[in-house]
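Structure first, then comments.
The values are calculated or read from the model by the stated rules, or taken from the named source; none is laboratory data. Computed from a predicted structure; not experimentally measured. Here the Cβ is made from the backbone with ideal geometry for all residues, glycine too, and neighbour counts use every protein chain on show. Ligands, DNA and RNA are excluded from the accessible area calculation, which covers all protein heavy atoms including side chains. Shrake-Rupley method; radii C 1.70, N 1.55, O 1.52, S 1.80 Å.
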Amino acid sequence: MSRKVDLHTHSTYSDGTLEPEDLIQNAQKQKITHLALSDHDSTGGLAAARNRAKEFDITIIPAVEINTRDNETSAAVHILGYFLEETDINFQKVLTQHREIRAQRAQMIIARLHTMGIKLYLSDFDNGKNEGAVGRPHIADKLKEMGVVFSRQEAFDKYLSQGRPAFVAYENGPTPKDAIDAILSAKGIPVIAHPGYYVSKETILSLAEMGLQGVEVYYPSHSKDLVKTLLGFTAEHKLLATGGSDYHGPGSGHERLGEIAVPEETIDLLLERKYAIHNVN
Ligand code: AMP
Ligand code: ZN
Ligand code: FE
Ligand code: FE
């Protein structure tokens with residue numbers, strides 16, 4: 001039976017708009033058979049996702065996305081981790097720290113909005129699941145709910161994007177190396193997310209020296225030319241080529257579940273790589 005793969009999705013355990021169960025329901029509609037739930041700094045949605053996936057013929061790949069900041073270039077770099085052991089206690093401690101840093105940054109964004117007369121509170125963002133993994137999309141949604149803006153996009157354009165008045169950089173967050181180390185220590189495979197947004201080949205190669213194993217090649221905003229270039233690059237440097245939709249659910253602006261073609265053998269290659277570097281089976 002042929003497989004349909006999506007290796008990048010988010011739920012309400014981070015900044016997605018759908019509960020894991022509803023995400024799985026939509027994946028089923030799109031005939032996806034292998035789905036990575038890659039919430040920002042949280043693996044909390046995996047249990048619910050697996051539970052619903054049992055009803056269908058869907059395999060859940062345990063994953064995470066860690067937003068980092070490169071100290072040298074100040075660039076935002078997102079690192080995905082696949083097939084990790086989410087019960088690893090030290091790994092969970094690291095994710096908890098990341099969520100605390102996120103909450104502190106959200107508090108700083110909120111303070112800036114207050115000075116503009118827009119009053120919201122950190123407690124507004126506790127949905128009982130995200131455990132402090134508050135991102136700008138949450139704040140954008142709240143601004144929409146308050147009638148300050150009409151969409152997530154408008155909130156980013158007016159307030160939250162770099163250069164806008166409520167922008168706060170992810171200053172004290174992890175570096176790319178921190179994220180790679182954390183994922184490797186949980187026996188996962190670190191992969192750089194959507195390099196088309198920000199990253200040079202030099203950056204990717206320096207991350208490969210730290211243990212990065214792959215590049216997210218297939219991605220909604222990547223042009224055909226970029227995909228071709230990245231495929232050549234990954235082959236040359238023995239990096240894996242992965243891909244996904246970065247689906248965040250309805251109303252998020254990232255809504256292309258099922259539209260990104262990822263070769264089905266990517267799953268096998270990721271697992272092979274896991275066994276090779278972590279000596280497990
Ligand atoms: P944060 O992790 O808080 O820095 O927020 C980054 C997340 O915001 C990304 O993973 C995207 O999901 C989302 N995002 C970034 N820029 C935009 C935008 N212009 N419109 C909607 N969502 C965005
Ligand atoms: Zn996100
Ligand atoms: Fe990302
Ligand atoms: Fe993402």
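Observations
- For the stretch 107-129, the criterion of a residue being under 18 Å from the mean Cα position of the chain (by Cα) and buried (at least 20 other Cβ atoms within 10 Å of the Cβ) is satisfied by no position.
- Residue pairs whose Cβ atoms lie under 7 Å apart, sitting 6 or more positions apart in sequence or on different chains, and linking a residue in the stretch 54-71 that is in a strand (DSSP E or B) and away from ligand 1 (no atom under 14 Å from the Cβ) to a partner that is open to solvent by 70 Å² or more (accessible area, probe 1.4 Å) and basic (K, R), are I60/R50.
- Test result for V217, open to solvent by less than 10 Å² (accessible area, probe 1.4 Å) and either within 25 Å of Q30 (Cα to Cα) or out of contact with any Cys (no Cβ under 9 Å at 6 or more places or on another chain) (or both): yes
- Contact annotation: residue pairs with Cβ atoms under 6 Å, 6 or more positions apart or on different chains, pairing a residue in the stretch 212-239 that is farther than 20 Å from P176 by Cα with a partner that is at pLDDT 95 or above and among the charged types (D, E, K, R), are P220/R256.
- Within the stretch 57-71, the residues that satisfy the criterion of being of a type outside the set (S, T, Y) and buried (at least 16 other Cβ atoms within 10 Å of the Cβ) are I58, I60, I61, P62, A63, V64, E65, I66, N67, R69, D70.
- Being aliphatic (A, V, I, L, M) and under 19 Å from the mean Cα position of the chain (by Cα) is a description that does not apply to A235.
- Some residue of the stretch 14-37 being open to solvent by less than 20 Å² (accessible area, probe 1.4 Å), within 20 Å of L271 (Cα to Cα) and either among the basic types (K, R) or in contact with a helix residue (DSSP H, G or I) (Cβ under 8 Å, 6 or more places away or on another chain) (or both): yes
- Verdict on S74 being within 15 Å of ligand 1 (Cβ to nearest atom), under 30 Å from N172 (Cα atoms) and crowded, with 24+ Cβ neighbours inside 10 Å: no
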